[in-house]
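Structure first, then comments.
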Amino acid sequence: MLKKLFQAALLLAPALCLHAQIAVSELNYHSDSLNSSGDWIELHNYSGATVNLAGWTLKDGNVLNPAYTFPAGTSIAAGGFIVLVENTSKFAAIFPGISFLGPLPFEFSNNSEQITLRDNASTIKVQFTYGDSVPWSKCADGLGRTLQIIDPAGDPNNPANWRCGCVLGSPKADLQPCTGETVVVSEINYNSSLSANAGDWIELRNLSNSGINISGWKLKDQNEFNIFTFPPSTILNPLGRLVVYQDLALFSARHPSVLNKVGPIPFGFSANGDGIRLYDGSNKIRYSTYYNDNIQWPQGADGNGFTLELDTLFTSADDVCAPSAWFDGCPEGSPGKQFVLCPGFSNEESALSDFLLFPNPASDQLNIEASQPFSRISVLDANGKRLRDVKAPQDAFFSLPVNDLAPGLYFIRVENAATGAVRPFLVSR
C-alpha cells in the first residue's frame, strides 16, 4: 500500500510542478506622464495545464500595504495571461477591451521594489526585485515602455532576463515586434569631441514605405519640460531620414551639405545618459529610447568623436534600448543618410600601414605587430561597422582575443595620435 502511495506521489509530483509554472511576464511601474495606464503587472502560465489562482496573493514591497487576493474562480489557462491593474479607469482608457483584475491596493515604486506572488498556502511562487538604474534598463521608468521577461522559466531577479517592450506595453500578449513604431531614432550625437563640435543632434528614420507627416509632433528628452515641436509641413519621406539639431551654426559648420534638417531644439542631450521620446499631435507617445555612457555602451560617442548609430541589422523585434542595438558610427557621424563605410576606411598610406596580423585566419587570438607603437585598436565588420574598441598600452605588439567573433571577414584598424591604418582578417574555426 505504501509503495503504491509513493508511486502515485511520484506520478503526481511533475503535475504539481507543472501547475506552478507561473511567471511575472510584464511590468508597468512608471507610465509616461501623458499616456498613463496606471501601474499594472502581467502573469503568464507557461505550463501545459490550467492553474487555479483562487486565494493566491500579490504583494508589493511596502509592509504597510495590504496584499491583493485573487478572487474565487480565478484561473489562468495553459499558455495564458492575466493582468492586474492599480487604476482600472486609466488602464481601460489606454487598453479598451482588454480584461483585467483589480484594482490592486497599492502602486509600484518608481525606483525599485520587491514583488511577491504566493499561492493559497502562502508558498512563494515568484519573488523578485526590479530597479530603475544600471544594470536595469531605464526604458520603463517614465519613458513609455514596459519591462518584459525574456525567459519565463529564468531568474526574474536577473536584469539580463528582462528587455524593453513596445511603447505602452502589450498586456495579455506574448512579446511582439514593435511594428507600429515606424518613426525611430537612428543616430544620436550627444557629446561631440572638443575639436569637432556639431552640437547635439539626432537623426529620425521612417521605416515605412509611406511618407509620414510629423508636423506638430513633439520631441522630448527625459525632462518633461524640454519640448521641441516640429514645424508645419515637416514630412518624413518613405524610408527617409531627418536630422534634428540643437545649434544651427555648430551643426552647419561640421555638416554643411546636410539639408534634410530641422531645429533648433531648445535643449541638449545629457552626456551621462538620457531618454528620447516622440509624441504625435494628439500627445500619444509613438517612440522612445534610452542611451547611456557606461561601459556596456559604445564609448566612441561619449566625447571621442563618434556617434551612436542604430544597428544596420536592427528590426522591430529588437530592443531599441539595449546597448547591443547601437554601435559607434563614423567619426562625426553620418547625419541624414544611411550608414556606409566610413571615409578613410581604406588602408591609407601611413607609418602604421605596414602592420602585420597573424595568424590570419585566426580562431581564438589575433596578434597585431607594427613598426611603431599604437594606442587604439578597433574591430570592424565587413561593412565597416565598429564592433569593439580596445585601448592598447602604447606598444607595437598586442594580442587580441577573437574567440567571441563568429567566423567571417573583419577588419582591424590601429591608430596612434598621428595616424591610422586598416587591414582585413578572417575568423575561421
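So here's what we get for this one:
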read-out	value
Residue that is surrounded by the most Cβ atoms within 10 Å (Cβ to Cβ) [pool: residues in the stretch 288-322 that are among the small types (Gly, Ala, Ser) and within 22 Å of Gly384 (Cα to Cα)]	Ala301
Cβ-Cβ under 6 Å pairs, at least 6 apart or on other chains, the stretch 22-41 side in contact (Cβ under 8 Å) with a residue 60 or more places away in the chain and not assigned by TED's automatic domain parsing to the domain that holds Ile149, far side crowded, with 21+ Cβ neighbours inside 10 Å and in a loop (DSSP other than H, G, I, E, B)	none
Residue tally, condition modelled with pLDDT under 85 and in a loop (DSSP other than H, G, I, E, B), over the stretch 381-422	8
Single unsatisfied condition, Leu34 versus (1) surrounded by fewer than 20 Cβ atoms within 10 Å (Cβ to Cβ); (2) among the hydrophobic types (A, V, I, L, M, F, W, C); (3) closer than 13 Å to Pro105 by Cβ	(3)
The lone exception for Ile98 - which of (1) surrounded by 14 or more Cβ atoms within 10 Å (Cβ to Cβ); (2) hydrophobic (A, V, I, L, M, F, W, C); (3) closer than 19 Å to Gly169 by Cβ; (4) out of contact with any Pro (no Cβ under 8 Å at 6 or more places or on another chain) it fails	(4)
Every residue from the stretch 308-323 that is of a type in the set (Val, Ile, Thr) and modelled with pLDDT of 95 or more	Val320
Some residue of the stretch 244-255 being closer than 23 Å to Asn206 by Cα, outside the structural domain of Ser31 (by TED's automatic domain parsing), hydrophobic (A, V, I, L, M, F, W, C) and under 23 Å from the mean Cα position of the chain (by Cα)	yes
Within the stretch 361-417, considering residues that are hydroxyl-bearing (Ser, Thr, Tyr) and farther than 30 Å from Glu187 by Cβ, the one farthest from the chain's Cα centre (by Cα)	Ser371
Pick from the stretch 47-75, criterion surrounded by 17 or more Cβ atoms within 10 Å (Cβ to Cβ), of a type outside the set (A, V, I, L, M, F, W, C) and not in a strand (DSSP E or B), ranking: modelled with the lowest pLDDT	Ser47
Check on Val320, aliphatic (A, V, I, L, M), farther than 22 Å from Lys138 by Cβ and touching a Phe, Trp or Tyr at 6+ places or on another chain (Cβ under 8 Å)	no
Filter pass, Ser137 being within 29 Å of the chain's Cα centre (by Cα) and hydroxyl-bearing (Ser, Thr, Tyr)	yes
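The values are calculated or read from the model by the stated rules, or taken from the named source; none is laboratory data. The model shown is predicted, which means the values in this text are computed figures rather than measured ones. Heads up, the Cβs are rebuilt from the backbone with ideal geometry, glycines too, and the neighbour counts pull from every protein chain shown.
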